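Engineer: One structure is given below, represented as structure tokens, and several questions about it will come after.
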Amino acid sequence: MSANKKTEAMTFEEADSSSDEDVKNNESKDKSEHEEEEDDDDDDDDEDMKSEDSEESYSDVYKGTEELQVEFEGRAPIDPDAEGISQLLQRLFPRAQINCNQLAQLLIAQNFVGSVICQCLDDGPESETDDNMVEDDTIFGITSVLNLTAKKEKPVIEQLCKYLLERAEKHATKQVHKQLRELLDNEQSHVGFLINERFINIPAQISVPLLQNLHQEIEAAKAKKMKFNFDTLLLLVKFHRNAAKKSTSDEDQYTNAEEELLVERSKFSFEFTVDAECDAGLADESPRAKKGVLKPYRKLLALEAKQLPQLIIDIQGFINGE
């Protein structure tokens with residue numbers, strides 16, 4: 001965390017403190033004026049006391065506006081990250097019969113590919129103010145890929161593939177369902193499951209270096225004859241749709257903004273609602289969705305793996321409005 005960002009955070013805290021002092025001074029002034037008026041009008045005394053109590057209640061509730069300054073970094077996942085990664089996966093697969101803990105362990109085991117987003121901590125004494133506001137071990141996101149073909153015998157991969165095929169059978173066209181089944185059954189052409197999960201308030205710009213790094217790591221793994229030579233990448237994206245009216249796909253709100261572009265680049269896709277499976281505090285990350293206006297959906301995309309470098313370039317342009 002840079003020094004100037006620490007200064008900003010401290011400034012906000014000081015502003016809050018001075019605001020509290022002003023409230024206290026105003027309360028003392030009100031109390032003094034109230035005491036002077038006691039001898040003049042006993043009937044007004046009760047009303048003044050009620051007003052004063054009300055002001056004190058509001059001053060207790062209001063804590064001012066506080067801005068949290070945090071810098072992030074990407075690094076290889078490690079064993080202590082398992083719980084944080086699992087929680088991110090549970091948001092992607094709400095109440096699904098998928099062991100997200102085992103899935104997290106698989107991602108950590110291949111620590112030569114993939115990155116997690118964590119807080120960038122300084123060792124300096126000034127870092128204490130902001131660092132105490134965020135858990136040091138919080139995992140804010142993960143970008144990685146799993147080989148569904150090479151790991152198909154793993155129980156959690158079987159669960160994942162079953163989940164995707166069951167949703168395709170129910171919600172996709174017959175052609176798309178057939179395409180997905182053929183992809184997952186083909187042992188010659190490997191399929192990767194791309195994971196691009198992060199907290200909702202982290203800007204889309206962070207996705208570019210994470211995806212660039214992932215591509216470089218995949219290429220390095222392929223050079224070592226490791227099983228990362230994918231023909232197709234599957235990506236499950238999160239979005240919300242207005243349930244109050246008949247809306248079009250142009251009005252869909254994607255949790256990760258860059259994934260809207262990937263929808264247009266996919267070979268095929270299908271979508272399904274997870275409204276029934278979502279808890280208000282788990283997978284449903286939209287405030288308006290909690291009020292019943294927006295419904296949570298998932299969309300499975302099939303992407304050409306060889307197009308990943310160009311997709312990253314396109315994402316960068318999309319984010320920059322080019």
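The values are calculated or read from the model by the stated rules, or taken from the named source; none is laboratory data. What you see is a predicted model, and the numbers here were worked out from it, not measured in a lab. Neighbour counts run over all protein chains shown; Cβ positions are idealised from the backbone, glycine included. Accessible surface areas use protein heavy atoms only, side chains included; no ligands, DNA or RNA. Shrake-Rupley method; radii C 1.70, N 1.55, O 1.52, S 1.80 Å.
Engineer: Of everything in the range 246-266 that's open to solvent by 40 Å² or more (accessible area, probe 1.4 Å) and modelled with pLDDT under 90, which residue is farthest from GLU197 (Cα to Cα)?
Structural biologist: Once the filter is applied, the top-ranked residue is LYS246.
Engineer: If I filter the range 223-236 down to residues being touching a helix residue (DSSP H, G or I) at 6+ places or on another chain (Cβ under 7 Å) and outside any strand (DSSP E or B), which single residue comes out as most open to solvent (accessible area, probe 1.4 Å)?
Structural biologist: ASN229
Engineer: Just give me the residues in the range 178-222 being under 23 Å from GLY317 (Cα atoms) and in a loop (DSSP other than H, G, I, E, B), in sequence order.
Structural biologist: Hits for the range 178-222 are PHE199, ILE200, ASN201, ILE202, PRO203.
Engineer: Taking the range 113-158 only, how many residues are assigned to a strand (DSSP E or B), modelled with pLDDT of 95 or more and polar (S, T, N, Q)?
Structural biologist: 4
Engineer: So LEU311 fits all but one of (1) surrounded by 13 or more Cβ atoms within 10 Å (Cβ to Cβ); (2) modelled with pLDDT under 95; (3) closer than 25 Å to ALA168 by Cα; what number is the exception?
Structural biologist: It fails just one condition, (2).
Engineer: Restricting to the range 267-289, and then to whatever is of a type in the set (A, V, I, L, M, F, W, C), outside any helix (DSSP H, G or I) and at pLDDT below 60, can you tell me which residue is most open to solvent (accessible area, probe 1.4 Å)?
Structural biologist: Only one residue fits best here, namely ALA280.
Engineer: Considering each of LYS306, LYS299, LYS295 in turn, give the residue that is over 20 Å from the mean Cα position of the chain (by Cα) and at pLDDT 90 or above. Break it down stepwise before answering.
Structural biologist: Details: LYS299 fails: over 20 Å from the mean Cα position of the chain (by Cα); LYS295 fails: over 20 Å from the mean Cα position of the chain (by Cα).
When all the criteria are applied, what remains is LYS306.
Engineer: Right, here's the next one. Check whether at least one residue in the range 211-221 is open to solvent by less than 20 Å² (accessible area, probe 1.4 Å), within 21 Å of the chain's Cα centre (by Cα) and not small (Gly, Ala, Ser), and report yes or no.
Structural biologist: yes
Engineer: Let me ask something additional. Yes or no: PHE199 aromatic (Phe, Trp, Tyr) and in contact with a His (Cβ under 7 Å, 6 or more places away or on another chain)?
Structural biologist: No.
Engineer: Report every pair of residues separated by at least 6 positions or lying on different chains whose Cβ atoms are under 9 Å apart, first residue within the range 105-121 and at positive phi, second open to solvent by less than 10 Å² (accessible area, probe 1.4 Å) and in a loop (DSSP other than H, G, I, E, B).
Structural biologist: Hits for this filter: GLY114/PRO77.
Engineer: Oh, and also: Take the range 154-203 and flag every residue that is among the small types (Gly, Ala, Ser) and surrounded by 18 or more Cβ atoms within 10 Å (Cβ to Cβ).
Structural biologist: Residues satisfying the conditions are ALA168, ALA172, GLY192.
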